[in-house]
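Undergrad: Sharing a structure, written as structure tokens. Questions coming.
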Amino acid sequence: MNTNERQQLRKLASAWMELASQPIMSERRRLWTALHDLRGERPMVLFETALLENYIESSELICQQPFLRSIELRMRRMIRHAEEVGDDIAVPAFFRVYWEINWPDFGVPLYADHATDGTGGEIGYIYNHPVKTPADIDKLHRRSWLVDRASTLAHYGQLQDCFGDILPVVLHGTGGLFAGLTQDLFKLIGNDNLLAWTYDEPDSLHRIMRYLTDDRLAYFDWLESEALLGFNHTGWELVGSGSPGCTTSLPQDVDSAKVRQRDVWIWMESQETTMISPGMFAQFFLPYMAELCSRFGLIYYGCCEPVHDRWDLIKSQIPHIRSVSISPWCDKNIMAEKLGRTGVFSRKPRPWPISETVPDWDALQQDIDETYDAARDCNLEFIYRDVYRIADRHRLRTWTDLVRSRVGI
């Protein structure tokens, strides 16, 4: 770490801590906690900036060493977001470092081929889908994971030495916990097999779902046994598709080195089975998803898939779902009626109206109004995510202000 890098990170740490110390941050954490304790006081608003290309331009970054550059990027994103967007972000009074995990493959060559678009972005990609026939399932092997404690501790110590006297550095957990079984299923067998095997190879489909479930269970058991799990409900951890997990419904006083699976949130979703009927979904996929979810304390369910046609089935097998993603393809009215105050109605607006050359503010206002009309009596949050590119980042603040004006907050 050279002098310029050190000075830059310390400057950012001071700006971060100044934001975190503002009284509004404590109030926002209180409101997020009330929402996820199912006693929401008002709709909460958040715009996810982590996926926005060029939200921080590479030319703004001072640090050159790759690890330090990634830290600078994280810090700049948080600070810019808190200063500009005007949503309910709650900057924590610490900087979290996560354990570095080495992931093995499944025993088959799985890779993504990215396409470069006209602006140099690589958002679009395809997988090679290595499991092409039922016989290929035999190639999958039991996986083992490794934690690089030496590297993690070295990075932790480096940041602690650099700015720990300004912004406390906390070594804690592994970041987001994701349990989307059908995502890996799609990567391995492809969409055609995912659909056709429900008819042509039902036993093979159950076999690979059993493999993936056992693989995930082994991974989470390993995290717990190695003391690598961390609370994701006490600070500013995003759980599921974009929502902070603040809640008092999970343990508050467990030793951080002894966190168990039942002490934390997990994210479960199944976008890949949208085109499969509720009955077949319940036969081939839901039992495995429910088995995995049973290990964890609270569940954030869903992402971009509509859930209204299978919600009763899902809820009957995963009763401890606390938040559910209400995507643009989900029937808002049905889900508002079914959910009531028994969960969090996590609304996701359509990405395109704000991404176009000229934003469609009428469409965005209509979405806000229709959502609020349907779910005003629910525990409601607006989470704008899956926006990858915009011409003007000040649109984020305009949308946030629009939400606040339309719902009266």
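Undergrad: I'm trying to understand the selection: among the residues of the stretch 321-352, which are farther than 23 Å from Ala34 by Cβ, more than 17 Å from the chain's Cα centre (by Cα) and crowded, with 18+ Cβ neighbours inside 10 Å?
TA: Once the filter is applied, which keeps residues that are farther than 23 Å from Ala34 by Cβ, more than 17 Å from the chain's Cα centre (by Cα) and crowded, with 18+ Cβ neighbours inside 10 Å, the stretch 321-352 yields only Cys330.
Undergrad: Within the stretch 167-196, track down each residue that is farther than 23 Å from Gly245 by Cβ, in contact (Cβ under 8 Å) with a residue 24 or more places away in the chain and out of contact with any Lys or Arg (no Cβ under 9 Å at 6 or more places or on another chain).
TA: Leu185, Phe186, Lys187, Leu188, Asn191, Leu194, Leu195
Undergrad: While we're here: Of these, Ile62, Ile137, which one is β-branched (Val, Ile, Thr) and within 30 Å of Glu226 (Cα to Cα)?
TA: Ile137
Undergrad: Still on this model: Identify, from the list Asp117, Asp88, the residue that is touching a residue at least 60 places away in the same chain (Cβ under 8 Å), over 28 Å from Thr152 (Cα atoms) and charged (D, E, K, R).
TA: Asp88
Undergrad: Next up: Only one of (1) in contact with a Leu (Cβ under 6 Å, 6 or more places away or on another chain); (2) aromatic (Phe, Trp, Tyr); (3) at pLDDT 95 or above; (4) farther than 30 Å from Thr248 by Cα fails for Trp361. Which number is that?
TA: Trp361 satisfies every listed condition except (1).
Undergrad: What strands (runs of 3 or more DSSP E) lie completely within the stretch 30-143 and have 2 or more residues being buried (at least 17 other Cβ atoms within 10 Å of the Cβ)?
TA: 44-47, 95-97
Undergrad: Take the stretch 257-274 and flag every residue that is more than 14 Å from Met289 (Cα to Cα) and out of contact with any Leu (no Cβ under 8 Å at 6 or more places or on another chain).
TA: Ala257, Lys258, Arg262, Thr274
The values are calculated or read from the model by the stated rules, or taken from the named source; none is laboratory data. Bear in mind that the values here come from a model prediction, so they are computed numbers and not experimental data. With ideal geometry, Cβ positions are generated from the backbone for all residues, glycine too; neighbour counts draw on all protein chains shown.
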